[in-house]
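Every read-out reported here was derived from the displayed coordinates using simple, explicitly stated rules and does not represent laboratory data. Every value quoted in this text rests on a predicted model; they were computed, and no experiment measured them. Cβ atoms come from the backbone with ideal geometry, glycine included; neighbour counts cover every protein chain shown.
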Amino acid sequence: MPAQQAVSIKPDDAALVQKLIKESAGMEPVSKRIEYISGRLIGRRYVRHPLIGSATEFEILVTRTDGFDCVTFVETVLAIAHAHSQDQFVKNLIAIRYRDGIVDWKNRLHYATDWAAYHFNRGLLDDVTFGPDSLVRDKTLNLVKGLDSHTAEYRYFP
C-alpha cells in the first residue's frame, strides 16, 4: 500500500515538543538532553497500539506526548533530543521510526531487534551488549501479521 504523507500532531503536543526543544537546547552532550526530556515525559499513560497503519490501512505519522508505548516513548525522546525545531523533530521521528525515512507500514521498524540494529548501523545508538559476558541467540520474528518472517540475531547478558 502506498504511504500516506499525513502527520497527526495535536496543538498541545506540538507546544510541548517545542517547549522541550527550547528548554533542552543548551544541554550537552545529547545524553543530558535525553535525560531531561525523558524525565519530563516519564509517567505519562501507557497507550496500547498508539500508531495508525497496518498491512491494510494507510500509515500516518503519529506524534503524541500524552501517552506512549515503550517504543514510541524512546522514539519521541530521541527525536526531540536531536531537534532544533518542530520541523526537525518530525524529520527525526520519521528517520527513527521508519527504515530509509519512508513513512509506510512496511518500512516501520516493528521489531525491537530490527529497530536497534538499524540505529546501531546509523550511529544513533551504541551497542553495549558486546563483550565476553554476552550471549548471542537467533530468533525467528513472525508475530506481526502482514510482514514476512525473518531471523534476527540478538545479544544479551544472562
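List of remarks:
- Protection proxy ranking of 9-21, 138-150 - average other beta-carbon atoms within 10 Å, highest first: 9-21, 138-150
- Value of [θ]222 nm, deg cm²/dmol, for the chain, DSSP H segments ≥ 4, -39500 (n - 2.57) each, nearest 500: -12000 deg cm²/dmol
- Reported label for calculated volume of the Cα convex hull per residue in Å³ given (1) 157; (2) 128; (3) 120: (2)
- Among F73, F120, F58, the largest mean-square fluctuation in a Gaussian network model of the chain, built with springs joining Cα atoms closer than 10 Å, belongs to F120.
- Working from Cα pairs under 8 Å separated by at least six residues, relative contact order for the stretch 4-101 is 34 percent.
- Residue pairs exceeding 23 angstrom between C-alpha atoms, taken from K106/K139; K19/K91; K32/K139: K32/K139.
- Relative to the Cα centre, the charge distribution of the chain, modelled as +1 at Lys and Arg Cβ and -1 at Asp and Glu Cβ, gives a dipole magnitude of about 320 debye.
- Cβ-derived FRET efficiency at R0 35 Å, K22 paired with K139, nearest 0.05: 0.25
- Taking the DSSP beta bridges with both ends in the chain, the antiparallel portion is around 70 percent.
- If R0 is taken as 25 Å, the Cβ-Cβ distance between R155 and K91 corresponds to a FRET efficiency of 0.25.
- Cα-based shape type of the stretch 62-151, given that a ≥ b ≥ c are square roots of the gyration tensor eigenvalues and the cut on a/c is 1.5: oblate
- Across the stretch 144-152, coupling constants 3J(HN,Hα) worked out from phi with the 6.51/-1.76/1.60 Karplus curve, θ = phi - 60°, read 8, 5, x, 10, 5, 6, 7, 9, 10 Hz, and Gly and Pro carry x.
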